[in-house]
Amino acid sequence: MANAFESAKLEAVNNFSDGRLFIEKLIKSPRHIEIQLIADQYGNSVCLGERECSIQRYHQKVIEEAPSSFITEEIRQKMYEETIALSNKVGYYSA
């Protein structure tokens, strides 16, 4: 592991002049789920739904399914709440 870390660090320095690395926890069987949001400049935000976009080929979506059949209603509502909170925090507005 130490050798792999040093190799990655060297590659980062050679390609980006920056050896800092970001390590994240492995997520097994991840899903690509997008939330559709519309917001106005007055802080009103609404989630219109989500779509499951995990089936891709060459980084192009092959199938989009809505709503996602891979998440529970509880998780769906939490994702909507977090999406709205983030959009309000950064001052996002548009569709």
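The values are calculated or read from the model by the stated rules, or taken from the named source; none is laboratory data. Quick caveat: nothing in here was measured; it's all calculated off a predicted structure. Using ideal geometry, Cβ is built from the backbone for each residue, glycine included, and neighbour counts are taken over all protein chains shown.
Structure summary
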read-out	value
Residue tally, condition free of Cβ contacts under 8 Å to residues at least 40 places away in the same chain, assigned to a strand (DSSP E or B) and among the hydrophobic types (A, V, I, L, M, F, W, C), over region 38-65	3
Among the candidates 27, 35, residue that is of a type in the set (A, V, I, L, M), at pLDDT 90 or above, under 22 Å from residue 71 (Cα atoms) and not in a loop (DSSP other than H, G, I, E, B)	35
Breaking point among (1) surrounded by 10 or more Cβ atoms within 10 Å (Cβ to Cβ); (2) out of contact with any strand residue (DSSP E or B) (no Cβ under 9 Å at 6 or more places or on another chain); (3) among the hydrophobic types (A, V, I, L, M, F, W, C), for residue 35	(2)
Filter result for residue 35 (of a type in the set (A, V, I, L, M, F, W, C) and within 14 Å of the chain's Cα centre (by Cα))	yes
Residue list for region 72-95, restricted to those being within 15 Å of the chain's Cα centre (by Cα) and surrounded by 14 or more Cβ atoms within 10 Å (Cβ to Cβ)	76, 79, 80, 83, 84, 87
